Amino acid sequence: MALKRNVGLKGLKYRGGGPMLAWALHRISGLAMVLFVGMHIVASFVMQQFGSDWATNLNIVYESTYFQLIIIFLVYFHAINGMRIIILDFWPKLLEYQREVTWLQWMLLIPMYGLTAMVMMLIKLGGE
Amino acid sequence: MSSRPAPQIGFSFEYMMWIFTRLSGLAMFLLSFIGFAGAFWLGARMYLTNNSFVDIGALARWTFFPNPNHVVNTNIPDVAVGWANAWWQIMQITILFLGATHGLNGLRVVIEDYIDRSWLRTLLRGLIFLLWIFVMLFGIYVIQAS
């Protein structure tokens with residue numbers, strides 16, 4: 001029964017290994033995206049309705065290349081890691097290889113993110 | 001290392017949310033590909049920075065929330081004509097529902113892993129539910145008003 005379970009602060013301790021890192025990053029990236037999307041919806045609504053300064057400034061931050069570099073990393077990681085979780089949950093036989101798959105997902109993520117980040121920085125450095 | 005165990009199959013809230021998280025994750029992959037393809041189809045292929053690259057930030061805004069107001073900064077002509085129609089409104093409402101539910105349920109799961117006091121847990125559950133209603137209403141308002 002999942003509800004009775006309590007991880008406590010010990011659950012936050014790093015116990016090594018790629019899968020633990022992926023687990024922690026999946027949670028952190030998920031929470032960061034909830035925060036970002038929530039703030040972005042509120043800021044856009046306030047900007048649209050009242051045109052207030054803080055909402056406009058917040059959305060200017062969200063549009064900056066450096067912020068986008070971070071959020072795109074989180075989205076890519078969450079998407080690829082989430083796909084791994086879905087595949088392993090639906091085909092539990094593959095759980096035997098989960099350590100290898102966790103490395104494989106970084107081998108997918110690094111070139112994908114690297115290419116995106118490179119194009120974004122080329123646009124940024126090349127001027128508008 | 002112990003991860004959160006998968007709930008037993010059945011008509012319990014935990015199992016419903018467990019299966020919803022996975023299915024909505026897959027559905028959001030599909031919806032982003034549709035938004036991505038739609039962005040290129042409706043003009044992103046012509047919106048190049050320095051005559052060489054598509055603006056990735058703009059592409060992401062289209063991909064994940066194809067709303068005319070969301071792409072207004074990209075100076076595409078006829079944004080409203082291409083994007084303000086029932087198809088993209090349904091797409092937006094679907095991605096809003098899946099994203100908000102997936103995300104806020106994830107917040108609930110993380111919170112409930114660290115908090116075991118039942119009244120606090122119930123309170124936070126209620127707050128997340130209110131937040132979900134709030135995000136859905138504001139999101140649908142933004143979609144319908146634009």
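Here, each number is a calculation from the coordinates, and none is a lab measurement. Here the structure is a predicted model, which is why all the values come from computation and not from measurement. As a convention, Cβ positions derive from the backbone with ideal geometry for all residues, glycine included, and neighbour counts pool all protein chains shown.
Annotations
- Hull-based mean projected area of region A:17-125, where the convex hull spans the alpha carbons, in square nanometres: 8.3 nm²
- Going by neighbour counts of Cβ atoms within 10 Å, the residues A:Ser44, B:Ser118, B:Ser12 line up, fewest first, as B:Ser118, B:Ser12, A:Ser44.
- Three-way shape label, region B:94-135, alpha-carbon gyration tensor, a/c 1.5: oblate
- Computed [θ] at 222 nm, helices only, for chain A once each DSSP H run of length n ≥ 4 contributes -39500 (n - 2.57): -27000 deg cm²/dmol
- Between 0 and 90 degrees, the angle of helix A:18-50 with respect to the longest Cα principal axis of chain A falls at about 30 degrees.
- Likely footprinting exposure, B:Ile95, A:Ile28, A:Ile80, fewest C-beta neighbours within 10 Å first: A:Ile28, A:Ile80, B:Ile95
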